[in-house]
1. Starting from the Cα-Cα distance between E80 and Y135, subtract it from 0.36 nm times their residue separation and give me the gain in nm to one decimal.
2. Multiply the residue gap between D31 and A62 by 0.36 nm, knock off their C-alpha separation, and tell me the result in nm, one decimal place.
3. Show me the ranking of peptides 82-94, 149-161, 66-78, 115-127 by mean Cβ neighbours inside 10 Å, starting with the highest.
4. Under 5 Å between amide H atoms, partner at least 5 residues away or on a different chain: which partners does S45 have, H built in plane at 1.01 Å?
5. How many nm separate the modelled label positions at Q87 and D174, each set 7 Å beyond the Cα in the direction of the Cβ?
6. Looking at segment 68-194, send over the antiparallel percent of its DSSP beta bridges, to the nearest 5.
7. Compute the accessible area per residue over segment 77-154, keeping the other protein chains in place, probe 1.4 Å, unit Å².
8. How would you order 169-180, 22-33 from highest to lowest mean count of nearby Cβ atoms within 10 Å?
Amino acid sequence: MPDIPSPPPRAFNCGDQDTLTWRQRADVCVDLVVKLDCSASSQGSIADIGCGDQKLRVALRARGVTCRYQGYDVLPQGPEVESFDVQRDVLPIGHDVAVLLGVSEYLEDLDGVIGSLARQVPHVIVSHVLRQHDYYSPERLAELGWHNHFSESEMHDLLGRNGFAVIEGRFAPDRRTLVLLCRSARFESHRAASRNR
């Protein structure tokens with residue numbers, strides 16, 4: 001088996017992967033996955049987009065969640081992770097939920113990505129570090145490489161205009177990271193239209 005190189009530490013702030021906040025964000029996501037009850041279906045499947053070192057996979061196993069899991073990342077950190085660029089690639093058919101933890105801040109065309117996912121999966125769980133009280137200076141945002149830093153209402157608006165209805169939102173313990181469970185209003189009609197072609 002070939003060695004998988006570690007991503008450059010500054011790329012997508014991968015050097016911070018060991019911080020507690022990343023694990024806490026994954027735990028909040030698992031709470032929302034449990035609410036969806038993907039494991040009730042033998043076909044339940046999670047696409048972890050931008051999975052990094054697969055903290056979500058570990059958190060799912062720790063909670064006994066039995067959904068099928070597939071990690072996707074533009075910088076795969078393991079042989080089981082599929083190389084995937086959410087701004088260009090389309091998910092394989094069959095995932096029940098796409099998860100984007102620590103991804104939304106970095107995407108140049110977040111509207112386009114969310115709109116595309118609304119046609120590909122029935123549910124999405126997305127995290128976003130909210131703009132609150134100027135916690136992050138413009139210099140810090142540039143250092144992080146973030147293209148997006150929205151308020152809670154702006155994040156809800158972005159999801160809504162791109163085909164998702166927010167079912168539930170929960171804050172991670174840092175009280176800055178909001179994790180949103182959303183249902184696609186476009187998935188079924190897009191799938192039906194695809195079948196009729």
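The values are calculated or read from the model by the stated rules, or taken from the named source; none is laboratory data. Everything numeric here is computed off the predicted structure, so don't read it as measured data. Here Cβ is always computed from backbone atoms with ideal geometry, including for glycine, and neighbour counts include all displayed protein chains. What goes into the accessible areas is simple: the full protein's heavy atoms, side chains included, and nothing from ligands, DNA or RNA. Shrake-Rupley method; radii C 1.70, N 1.55, O 1.52, S 1.80 Å.
1. On the way: separation 55, 0.36 × 55 = 19.80 nm, distance 3.65 nm.
Once the chain is fully extended between E80 and Y135, it gains 16.1 nm.
2. Numbers: separation 31, 0.36 × 31 = 11.16 nm, distance 1.19 nm.
Answer, rounded to one decimal: 10.0 nm.
3. Details: 82-94: 13.8, 149-161: 16.0, 66-78: 18.7, 115-127: 22.2.
Peptide ranking by packing, descending: 115-127, 66-78, 149-161, 82-94.
4. R68, D96, V97
5. About 2.1 nm separates the two model spin labels.
6. Details: 14 of 20 bridges.
Close to 70 percent.
7. Working: 3730 Å² over 78 residues.
Result: 48 Å² per residue.
8. Details: 169-180: 16.9, 22-33: 20.4.
Descending mean neighbour count gives 22-33, 169-180.
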